[in-house]
Amino acid sequence: MEEPPLVRTAIASALCLALVGTCTDTLVAQRGAGPAPATPAQTPAGRGEASPASQPPPQTKTPQSFPRDQVEAGRTQFASQCGFCHGRDAGGGAGGPDLTRSVLVAEDVRGDRLGPFIRTGRPAQGMPAFPLSNGDLAAIVAFIHDQKVQADSATGGRRSVDMSDLRSGDAASGKRYFEAACTRCHSASGDLAGVAQRHQGLTLLQRMLYPRALGRAPQTVAVTVPSGQVITGRLSYRDEFTIAITDEAGWSRSWPASQVKFTVDDPLQAHVEQLGKYSDDDMHNVLAYLQTLR
């Protein structure tokens with residue numbers, strides 16, 4: 001890929017991360033157009049009426065086909081960049097919706113809707129932007145549509161992310177990367193000792209990439225007011241106009257951001273910065289190393 005990769009697999013991503021709310025307002029499982037289907041019969045636990053798998057996928061508005069070599073190229077790209085969340089077959093996983101039942105996919109015509117969505121992402125909701133080349137993006141779109149064609153005539157439920165999807169890295173390389181980039185804050189024999197027993201599979205990846213989405217660590221702020229007094233507390237709100245904190249006494253206080261000086265100490269900022277530094281291999285390798293910490 002010509003452009004430096006961001007964190008594209010997650011999760012992705014994580015990424016779509018057991019990340020709460022990822023893509024749910026667009027990539028949701030809904031009934032297709034036309035008459036409502038009959039109420040499905042009672043099914044075993046995990047495949048009940050509330051399951052997206054119990055509903056027919058939305059009807060493709062514009063049937064389309066793609067060259068087989070492009071679909072296969074997309075299969076490889078999708079598995080490495082999207083499979084962590086959406087499953088390697090686009091059928092949904094622990095962190096991402098079933099794309100074969102997505103209204104966005106059903107209404108897409110050769111990437112006219114999917115393309116902008118994939119490239120823009122929704123970072124605030126845990127789905128990163130994917131700066132893909134035109135060829136890679138077209139291949140992924142072709143693969144998703146091909147999977148939808150198969151899903152339209154198939155039966156059965158959605159699947160989870162395979163453990164094999166998360167075991168493609170080299171632990172030795174991951175250890176070297178970890179020691180160079182992560183040991184300022186973390187220790188394999190300290191805070192991360194036994195982490196692979198506490199968190200497994202996609203959850204471990206999510207905690208590695210998107211810890212903020214799984215439990216926000218408090219950000220502390222030091223505000224210097226015009227008199228020179230410094231007031232500290234936990235960050236409660238911040239935008240380009242306002243800075244607000246909860247001080248040590250529990251009082252809420254706010255100031256126009258332009259009238260005070262302030263510094264924010266965010267213990268997870270290093271993870272945010274790291275997202276733009278990982279290559280695909282780095283991410284797989286570090287995860288492989290963390291999986292050895294038992």
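The values are calculated or read from the model by the stated rules, or taken from the named source; none is laboratory data. Worth saying up front: this structure is predicted, and the values here are computed from it rather than measured. Counting neighbours? That spans all protein chains shown, and the Cβs are built from the backbone with ideal geometry, glycine included. The accessibility values were calculated without ligands, DNA or RNA, using every heavy atom of the protein model including side chains. Shrake-Rupley method; radii C 1.70, N 1.55, O 1.52, S 1.80 Å.
Counting only helices (runs of 4 or more DSSP H) that fall entirely inside the range 164-276 and contain at least 2 residues that are out of contact with any Phe, Trp or Tyr (no Cβ under 7 Å at 6 or more places or on another chain), among the polar types (S, T, N, Q) and open to solvent by 80 Å² or more (accessible area, probe 1.4 Å), no element qualifies. Taking each residue of the range 185-199 that is closer than 25 Å to ASP265 by Cα and looking for partners that are β-branched (Val, Ile, Thr) and open to solvent by less than 50 Å² (accessible area, probe 1.4 Å) with beta-carbon atoms closer than 9 Å, six or more apart or interchain, yields ALA188/VAL195.
Of all residues in the range 69-106, none satisfies the criterion of being out of contact with any helix residue (DSSP H, G or I) (no Cβ under 9 Å at 6 or more places or on another chain) and either among the polar types (S, T, N, Q) or assigned to a loop (DSSP other than H, G, I, E, B) (or both). Filtering ALA53, ALA45, ALA38 for residues that are modelled with pLDDT under 90, hydrophobic (A, V, I, L, M, F, W, C), more than 16 Å from HIS145 (Cα to Cα) and not in a loop (DSSP other than H, G, I, E, B) leaves a single hit, ALA53.
Only residues that are over 14 Å from the mean Cα position of the chain (by Cα) and not acidic (Asp, Glu) were counted across the range 80-89, and they come to 1. In this structure, GLY215 does not qualify as at pLDDT 85 or above and of a type in the set (Gly, Ala, Ser).
Checking each residue in the range 107-122 for being out of contact with any helix residue (DSSP H, G or I) (no Cβ under 9 Å at 6 or more places or on another chain) and of a type outside the set (A, V, I, L, M, F, W, C) picks out GLU107, ASP112, PRO116, THR120, GLY121, ARG122. Filtering the range 90-113 to residues that are on the phi > 0 side of the Ramachandran plot and more than 18 Å from the chain's Cα centre (by Cα) leaves ARG110, GLY111.
Looking at this structure, is ASP112 over 22 Å from LEU275 (Cβ atoms), open to solvent by less than 10 Å² (accessible area, probe 1.4 Å) and modelled with pLDDT of 90 or more? For ASP112, the condition - over 22 Å from LEU275 (Cβ atoms), open to solvent by less than 10 Å² (accessible area, probe 1.4 Å) and modelled with pLDDT of 90 or more - is not met. Annotation note: of GLN259, GLN274, GLN229, GLN219, the sole residue that is under 30 Å from LEU290 (Cβ atoms) and either out of contact with any Asp or Glu (no Cβ under 7 Å at 6 or more places or on another chain) or hydroxyl-bearing (Ser, Thr, Tyr) (or both) is GLN274.
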